[in-house]
Amino acid sequence: RDELNPPKRPPYHQVWLRLNETVGDAPELHQALLAYASDFHLLGTATFPHGISYYQPHVQMASLDHAIWFHRPFRADDWLLYSLDSPSAQDSRGLARGQFFTRNGILVASTAQEGLIRVVEDSAAAATVPAKD
């Protein structure tokens with residue numbers, strides 16, 4: 001996928017991931033690491049049908065909310081499939097959902113994120129955040 005000139009495509013994809021080193025056995029550690037990783041690819045899925053990417057200088061994106069639910073124990077240092085889709089992206093808002101599955105197909109966590117997605121004419125303006133009064 002060319003992130004600087006992405007084609008329009010359906011709003012879903014799947015990503016395999018795991019830590020490249022083993023970590024301890026504390027479930028809280030694995031949950032924290034998965035919560036961090038859950039932000040990767042999530043909101044970007046909502047941009048697919050529009051042929052835009054957060055790597056483009058004229059695109060502004062910001063997370064408005066992000067939730068994660070842990071359903072079952074898992075290990076972040078073992079392979080997990082992150083299955084993502086976006087049911088809606090319009091009027092400068094995008095909604096994306098994700099599910100994490102073990103290599104055996106067991107659902108271990110679910111995610112949701114809503115974000116601001118804007119295309120601005122002036123790419124320099126896209127990089128700046130207005131000052132608060």
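Condition first: farther than 22 Å from residue 6 by Cα and either part of a loop (DSSP other than H, G, I, E, B) or touching a Phe, Trp or Tyr at 6+ places or on another chain (Cβ under 7 Å) (or both). Now tell me which residues in the range 51-74 satisfy that.
Initially, the range 51-74 is screened for residues farther than 22 Å from residue 6 by Cα, giving 64-74.
Correct list: 71, 72, 73, 74.
Does residue 64 satisfy the criteria of being open to solvent by 30 Å² or more (accessible area, probe 1.4 Å), touching an Asp or Glu at 6+ places or on another chain (Cβ under 6 Å) and under 18 Å from residue 113 (Cα atoms)? Yes, satisfied. A count restricted to the range 75-97 and to residues that are over 15 Å from the mean Cα position of the chain (by Cα), free of Cβ contacts under 8 Å to residues at least 60 places away in the same chain and surrounded by fewer than 15 Cβ atoms within 10 Å (Cβ to Cβ) stands at 3. Just a yes or no: is a residue in the range 92-105 farther than 26 Å from residue 9 by Cα and in a strand (DSSP E or B)? Scanning the range 92-105 turns up at least one residue that is farther than 26 Å from residue 9 by Cα and in a strand (DSSP E or B).
Kindly evaluate residue 128 against the criterion of being loosely packed, with under 13 Cβ neighbours inside 10 Å, at pLDDT below 95 and among the polar types (S, T, N, Q). Taking the combined requirement at face value, the residue satisfies it. It is to be established whether one or more residues within the range 4-16 are within 14 Å of the chain's Cα centre (by Cα), part of a loop (DSSP other than H, G, I, E, B) and under 18 Å from residue 120 (Cα atoms). There is no residue in the range 4-16 that is within 14 Å of the chain's Cα centre (by Cα), part of a loop (DSSP other than H, G, I, E, B) and under 18 Å from residue 120 (Cα atoms).
Taking each residue of the range 55-74 that is on the phi < 0 side of the Ramachandran plot and looking for partners that are of a type in the set (Lys, Arg) with beta-carbon atoms closer than 8 Å, six or more apart or interchain, yields 59/118; 60/118; 61/118; 64/93.
Across the range 20-50, the number of residues qualifying as part of a loop (DSSP other than H, G, I, E, B) and more than 17 Å from the chain's Cα centre (by Cα) comes to 7. Mind checking which residues of the range 3-29 are open to solvent by 100 Å² or more (accessible area, probe 1.4 Å) and either touching a strand residue (DSSP E or B) at 6+ places or on another chain (Cβ under 7 Å) or hydroxyl-bearing (Ser, Thr, Tyr) (or both)? Result: 12, 14, 16, 18, 22.
The values are calculated or read from the model by the stated rules, or taken from the named source; none is laboratory data. Because the structure is a prediction, the values reported are computed rather than measured. Note that we place each Cβ from the backbone using ideal geometry, even for glycine, and neighbour counts take in every protein chain shown. We work out accessible area using only protein heavy atoms, side chains counted, and drop any ligands, DNA or RNA first. Shrake-Rupley method; radii C 1.70, N 1.55, O 1.52, S 1.80 Å.
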